[in-house]
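First up is the structure itself, then whatever we jot down about it.
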Amino acid sequence: MILFRQALTYILAAVTLTAGPSLAEPQEVVPQKILSTDMAMTIAQGALEKCRADGYRITIAIIDSSNILKVFIRDDGSGIVSVDLSRRKAFTALAFRRTSAEQLQIWRAAAPPVYIPADGAVGAGGVPIKSKDDVIGAIGVSGAPGGDKDEACADAGIAKVASKLK
């Protein structure tokens with residue numbers, strides 16, 4: 001049995017090496033769009049302005065396509081829970097390439113057993129930041145009295161740079 005496993009391992013390794021690109025051949029450089037710090041700050045400022053105009057104190061997390069935090073703002077008077085929630089909403093939007101509200105609907109519609117985070121853990125307010133079809137980051141907003149209001153603030157922030165994302 002041990003010899004069979006070893007032989008199978010060698011066969012799989014040989015198939016993998018012959019099926020993939022040669023390691024001796026140089027690979028092409030892959031161009032990648034990135035979310036600049038200036039753009040992330042403009043988006044955050046736009047979201048903050050919209051929520052403040054509506055009377056909400058919120059927290060904003062903006063991450064890049066590698067899930068690295070680019071901008072984080074916790075407005076005066078925002079709740080402590082919104083700190084983690086804004087980050088989770090941004091991650092959900094990035095990971096699934098759609099708003100966190102859309103992803104929550106998909107989870108709810110799926111047949112069990114599907115892990116569905118509690119509504120408080122991930123709700124509306126996470127929006128992917130797209131340049132054409134490429135997701136270059138995501139914004140998560142938390143703290144308004146309802147995820148739909150969080151998402152409206154996130155959308156307002158993205159709208160500030162919409163012309164540059166085309």
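The values are calculated or read from the model by the stated rules, or taken from the named source; none is laboratory data. Quick caveat, the model's predicted, so the values are computed rather than measured. Here the Cβ is made from the backbone with ideal geometry for all residues, glycine too, and neighbour counts use every protein chain on show.
Couple of notes before you dig in:
- All conditions in (1) modelled with pLDDT under 85; (2) exposed (fewer than 10 other Cβ atoms within 10 Å of the Cβ) hold for Gln32, with the sole exception of (1).
- Residue that is surrounded by the fewest Cβ atoms within 10 Å (Cβ to Cβ), among those in region 85-109 that are over 12 Å from the mean Cα position of the chain (by Cα) and in contact (Cβ under 8 Å) with a residue 40 or more places away in the chain: Ala101
- Spans of helices (runs of 4 or more DSSP H) in region 56-166 with at least 3 residues of a type in the set (S, T, N, Q): 81-96, 100-109
- Neighbours by Cβ (under 9 Å, 6+ apart or cross-chain): first from region 144-166, without any contact (Cβ under 8 Å) to a residue 40 or more places away in the chain; second surrounded by fewer than 19 Cβ atoms within 10 Å (Cβ to Cβ) and not in a helix (DSSP H, G or I): Leu165/Lys130; Leu165/Ser131; Leu165/Lys132; Lys166/Ser131; Lys166/Lys132
- Condition check for Val135: surrounded by fewer than 22 Cβ atoms within 10 Å (Cβ to Cβ) and modelled with pLDDT under 80: no
- Verdict on Pro117 being modelled with pLDDT under 90 and either within 18 Å of the chain's Cα centre (by Cα) or acidic (Asp, Glu) (or both): yes
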